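Below: one structure, written as structure tokens.
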Amino acid sequence: MPYFWGTVGIIYRSDLVKEPITHWHQLFNPAPDLQGHIGMVADGQDLVGLGLKSLGYSLNSENKHELNAVERLLIAQQPHVKSYQYLVLDQRSGVVTGDLRASIAYSGDALMVQEHHDDLVYVVPEEGTNIWVDYFALGAKAQTPELAKKFLNFINEPEVAAQMAEYVYYATPNQAAEALLPDDFKNNQAIYPPKEVISKSEFFAPITARAMKRRNAISAQILY
Amino acid sequence: MKLHTKITLMVIPLIALPLLAVGVLAYLGLWQKSEQQSQIQVENHVANLADDFNNRIRDARLILESLANDSLLKEYLLTEDEEDRYALMQRPMLRNMAGYQSANPDLYEIRLLLPDGFEELRMTSRALVNRHEDESQSGFFIAATNQLDNPEPFIGINPDNNQPALFVSKAIFLRNNVTESFNSQPRLRGILSITQQTGRIADGQLPPPWEAGRVMLTDRLGAAVIPKGEQSAAPASTVHFEPGSFTTATWHQISVAGTQSVHFALQLSNNLYLHTLLPAARIQESARQIGALVLYVIGLALLIAVPLLLFLLHHQILKPIGLLSHALNNLGKRQNRVQVTQVGNDEIGELCRSFNRMSIDLFESNERIRNLAFIDSLTGLPNRVLFRRNLERAIANSQREQKLLGLLFLDLDNFKHVNDTMGHPVGDRLLSNVAERLMQNTRASDLMGRIDIDDLSANFSRLGGDEFTVLLPHLENSLQAAQVAERIIGAFSQPVTIDKHQIYVGCSIGIAIMPDDANGAEELITNADVAMYQAKKSGKNRYHFFSQSIGEQNKERAKIEQRLHHAVEACNFTLYYQPIVDSLSHRVSSYEALIRWSDERLGPVAPDRFIHIAEENGLIVPIGAWVMNEACRQLKEWHEQGHTQLRMGINLSVVQLCRPDIVQEISNDLLKHGLTGRDIYIELTETAIIQGENQVLENLQKLRTMAIEVALDDFGTGYSSLSYLKNLPIDILKIDRSFISALGEDNNCIILSAIITMAHALGLKVIAEGVETDTDLMFVTKEGCDMVQGFLFSRPVPADKAIALQDASSAISKCI
């Protein structure tokens, strides 16, 4: 059962970055003012996928050359990356202290961190991004399925779902709940990217084992 | 052969041969040692390379071993579903590998390959992009599969970075216990491979100073393991080792591309050899350098040592020996005091000192011997000969120093008298005393510098008799000479006491200064002598500088002397005759023959101007002879004219009288002219007789035996001692004209009277000279004077006038 959906984008400090960030390549091939102040994620799927997006390829590409290009891109970016540890969301966060000037962030997380600093900007790059959906799954051999279903019903009640969405700044797939949300939430492009961006964005799709192996090998070089 | 040459010929081989021998041995030894050293250095380096290489292999194998034992790996390899492996197991496996890598960063690539060569897992720390996933054709994989139980390390080019790399692999055999029987053999599931840098072993280079050499890796057949063109520094293609052509761990010579090289090989593993190639020249270079250095040092040592030793030998031995030899030569020549400059304290120095002592002894004894001949034995002063020598030396010194040289000519005023009255022994002691006093009184400090204190006696001499000289060699002016003279005269004003007799001996000093008064030694002596006579003449007991006027006199004297020779040769003399008249009859009883000399240049020269010169230079002898002959001739002539009673008074000089054969000559003259001894008498001066020696007295006695009378001339001017008249062989006393001309003064009359009385008492006839007036004549006649002579009757006149006087006097006497 879908729970929230969102995007992956870039959060950056507009006061510390000369140029507004609008593209992935500004993160993967950073300008001098960003070098050494970049935050990435420790997830190989995201690293390779977003790297592919920055090069204009499909998020799910299995093309050997495209993967080689991403490998080179990530290796070249590595010296400029401050951290591959995912963003902390409170006031200790790197983007709040200024240690990080730009970082990969999930949309809702970005909006949460923005509460701690006025110059933080979240953007979904124009090349498009990965659109994800969080699901609740009920285990086939769960011991108290009825209770679980009650809980899922509860959190899917429109008022509850709307309240949770507002709290975590993620879009809810619950249309009744969505109707209850205020306009400024629904018009927030960080939560609801424009259509052009959505149209360029992709979900992760299943890929072949060898492609997976390749992606693992690429991210292993960066992360291990 | 000279000692110098001998020593040179001895020393050079003595030094050179051992040095050269040592040099050659050292050269060979060092050469070999250095070559060995070089080889050991290279071997050590190569061994280090090999160790490094082996360590890499060992490290890689350790990691491979632990990876192979990793349960995750085993499970991974036994998981047949790709998707399971990649989705679930790949990432932990990679993280695992990354862990090993971080422990050993040199191992930059760890791979897991499937048996078909597919690259299942790859972890690299070098951010190397993977180029191939299929490694089935890669060298390392082939090498590993060729020997699965224990794959050989493989060296080859890593295609990912085109660098030589060392691959160490391990095959993993596993049995799937789920699907396979426990009895089945484990199957090959994968090959683990580690890639790392080869390290220095593959760069082909050797460190300095062996850059010219190189190392290379080959398999057992000798083929380079790193393909041509890939091994950076060493073109492996230039060397081909034939199988079995190389041995390991020994050095041997091979030729590489025409260059003589040395080769050393090490076996690294079964099929891997490490070769070291060095140009033979290079490995010998340091040996050659050391050898050259040794030869250079030896050469330098020779260059320094040989001349130094020769110099030292020459300086320390040959030169002193030469000096000694030279000194000995000089000693033989008996020149001056010979001394050798002492050289060191060694035996040669001792020899020199001995020589010097001997030389001094010899010199001093020589001096003594020489002095015996030159020292006046009476006074210890230099004699005339040494005086001349000292004078010459002093003249040379004063000319060199440009100082005045004074010569004091000193003559005792009263010595003759002392000698005569007190005897020769006293005289001798007086002289010795005088010499002492001279030296004592000129030692005073105010005279210092004018007289050589160092060699005092050199400045004094006794020339003979009572003549002394003092040399003043460092005068600033002539006044200083006068000071010395005054000092001496002052000293002699004190009486000399000899045998309780107090003897006053004054002295007269003549001073001549060089170069003012003389140009040479002879002239200086003469002039000092002249000045001394001047001092005597001006009253004795005083000094007198030689003056130009004395000099003038001397010049005149020299002129006279010169002309006198002419006159003697040409018989340029005439005789004048002065009549001597009988005091009673006033008749001429005799004539005194008086010589006259009129020179064509000098004009008339009075006898008192030239007689003493003739006496001094001996011309008086021929002159006297001529006078004797001429007077006799004239007398004979007059006798023949009838004046047979006339006699002739002829003057004889003491010089003539001293000659033994004078009597014979006179006798001859008398015979020649047919005269007898009674016809003449001879006149002598008082001093001639007083100074007369035995010869004079002897001659006088002989003359008297010939009946020739002797008249004592000028009586009254000398000692006029009547006491000795009685002892002298004289017959006539001629009273000096000074008595007659001064008859009116004092007691002259009485004295004259006494003289005449006494002479008569002694049986002597008396002639009064210088009778010029009738009064004189009256007086002497009254006193009994036998004969008179003087201007009253006639001056000396030529023969014809003289004889005319005879006639006249006869007439006068007839008138009387």
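Readers should treat all values here as calculations from the given coordinates under stated rules, not as data from a laboratory. Values in this document were obtained by computation on a predicted structure and should not be read as measured data. All Cβ positions, even for glycine, are placed from backbone atoms using ideal geometry, and neighbour counts span all protein chains on display.
The set of residues from the stretch B:634-680 being surrounded by fewer than 16 Cβ atoms within 10 Å (Cβ to Cβ) and assigned to a helix (DSSP H, G or I) comprises B:GLU637, B:GLU640, B:GLN664, B:ASN668, B:LEU671, B:LYS672, B:ARG678. Residues that are closer than 20 Å to A:MET112 by Cβ, of a type outside the set (Phe, Trp, Tyr) and in contact with a strand residue (DSSP E or B) (Cβ under 8 Å, 6 or more places away or on another chain) are absent from the stretch A:197-215. With the condition kept exactly as written, say whether any residue in the stretch A:170-183 is of a type outside the set (Asp, Glu), in a helix (DSSP H, G or I) and in contact with an Asp or Glu (Cβ under 7 Å, 6 or more places away or on another chain). Within the stretch A:170-183, one or more residues are of a type outside the set (Asp, Glu), in a helix (DSSP H, G or I) and in contact with an Asp or Glu (Cβ under 7 Å, 6 or more places away or on another chain).
The set of residues in the stretch B:92-127 that are within 11 Å of chain A (Cβ to nearest Cβ) and surrounded by fewer than 18 Cβ atoms within 10 Å (Cβ to Cβ) comprises B:PRO92, B:ARG95, B:GLY99, B:SER102, B:PHE118, B:ARG126, B:ALA127. Taking first residues from the stretch B:43-69 that are in contact (Cβ under 8 Å) with a residue 24 or more places away in the chain and partners that are aromatic (Phe, Trp, Tyr) and in a helix (DSSP H, G or I), the Cβ contacts under 9 Å between residues at least 6 apart in sequence or on separate chains come to B:ILE63/B:TYR100; B:SER66/B:TYR100; B:LEU67/B:TYR100. Among the conditions (1) over 17 Å from the mean Cα position of the chain (by Cα); (2) closer than 23 Å to A:GLY36 by Cβ; (3) basic (Lys, Arg), the only one that A:LYS150 does not satisfy is (2).
If I ask for residues that are among the acidic types (Asp, Glu) and either within 11 Å of chain A (Cβ to nearest Cβ) or within 60 Å of the chain's Cα centre (by Cα) (or both), which ones from the stretch B:128-146 would you list? Spell out how you get there, then give the answer.
Initially, the stretch B:128-146 is screened for residues among the acidic types (Asp, Glu), giving B:133-135.
Within the stretch B:128-146, B:GLU133 is the sole residue that qualifies.
Looking only at the stretch B:742-760, which residues are under 16 Å from B:VAL771 (Cα atoms) and surrounded by fewer than 13 Cβ atoms within 10 Å (Cβ to Cβ)? Outline the logic, then answer.
The initial filter retains those residues of the stretch B:742-760 that are under 16 Å from B:VAL771 (Cα atoms), namely B:742-745, B:748-749, B:752-753, B:756.
Residues satisfying the conditions are B:GLY744, B:GLU745.
Scanning the stretch B:252-279 for residues that are surrounded by fewer than 19 Cβ atoms within 10 Å (Cβ to Cβ) and over 30 Å from B:ASN150 (Cα atoms) yields B:HIS252, B:GLN253, B:ILE254, B:SER255, B:VAL256, B:ALA257, B:GLY258, B:THR259, B:GLN260, B:PRO279. A:ASP134 satisfies every condition listed in (1) surrounded by 17 or more Cβ atoms within 10 Å (Cβ to Cβ); (2) within 14 Å of the chain's Cα centre (by Cα) except (1). Only a single criterion out of (1) within 12 Å of chain A (Cβ to nearest Cβ); (2) in a helix (DSSP H, G or I) is not satisfied by B:LEU25, namely (1). B:GLY117 meets each of the listed conditions (1) touching a Leu at 6+ places or on another chain (Cβ under 7 Å); (2) under 30 Å from B:MET216 (Cα atoms) apart from (1).
Scan the stretch B:147-162 residue by residue and report those that are among the charged types (D, E, K, R) and either within 14 Å of another protein chain (Cβ to nearest Cβ) or free of Cβ contacts under 8 Å to residues at least 40 places away in the same chain (or both). Talk me through it step by step, then tell me what you get.
Filtering the stretch B:147-162 for residues among the charged types (D, E, K, R) gives B:149, B:152, B:160.
The answer is B:ASP149, B:ASP160.
Which members of the stretch A:185-224 meet the condition of being in a loop (DSSP other than H, G, I, E, B), away from chain B (no Cβ under 13 Å) and surrounded by 15 or more Cβ atoms within 10 Å (Cβ to Cβ)? Across the stretch A:185-224, the qualifying residues are A:ASN188, A:ALA190, A:ILE191, A:TYR192, A:PRO193, A:SER201. One residue is enough: does the stretch B:547-555 have a residue meeting the conditions in contact with a Pro (Cβ under 9 Å, 6 or more places away or on another chain), surrounded by fewer than 16 Cβ atoms within 10 Å (Cβ to Cβ) and more than 24 Å from B:VAL771 (Cα to Cα)? No: zero hits.
Go through the stretch A:62-87 residue by residue and tally those that are more than 14 Å from chain B (Cβ to nearest Cβ) and in contact (Cβ under 8 Å) with a residue 12 or more places away in the chain.
Within the stretch A:62-87, the first condition is being more than 14 Å from chain B (Cβ to nearest Cβ), and the residues that meet it are A:63, A:82-83, A:85-87.
With the extra rule that they be in contact (Cβ under 8 Å) with a residue 12 or more places away in the chain, the set shrinks to A:82-83, A:85-87.
Number of matching residues: 5.
Looking at B:PHE118, B:PHE53 in this structure, which one is of a type in the set (Phe, Trp, Tyr) and out of contact with any Pro (no Cβ under 9 Å at 6 or more places or on another chain)?
Numbers: B:PHE53 fails: out of contact with any Pro (no Cβ under 9 Å at 6 or more places or on another chain).
None of the other options fit; the residue is B:PHE118.
Regarding A:TYR224, is this residue within 28 Å of A:LYS82 (Cα to Cα) and touching a Lys or Arg at 6+ places or on another chain (Cβ under 7 Å)?
On the way: within 28 Å of A:LYS82 (Cα to Cα): yes; touching a Lys or Arg at 6+ places or on another chain (Cβ under 7 Å): yes.
Against the criterion (within 28 Å of A:LYS82 (Cα to Cα) and touching a Lys or Arg at 6+ places or on another chain (Cβ under 7 Å)), A:TYR224 qualifies.
Screening B:LEU148 on (1) assigned to a loop (DSSP other than H, G, I, E, B); (2) farther than 26 Å from B:ALA223 by Cα shows it passes everything except condition (2).
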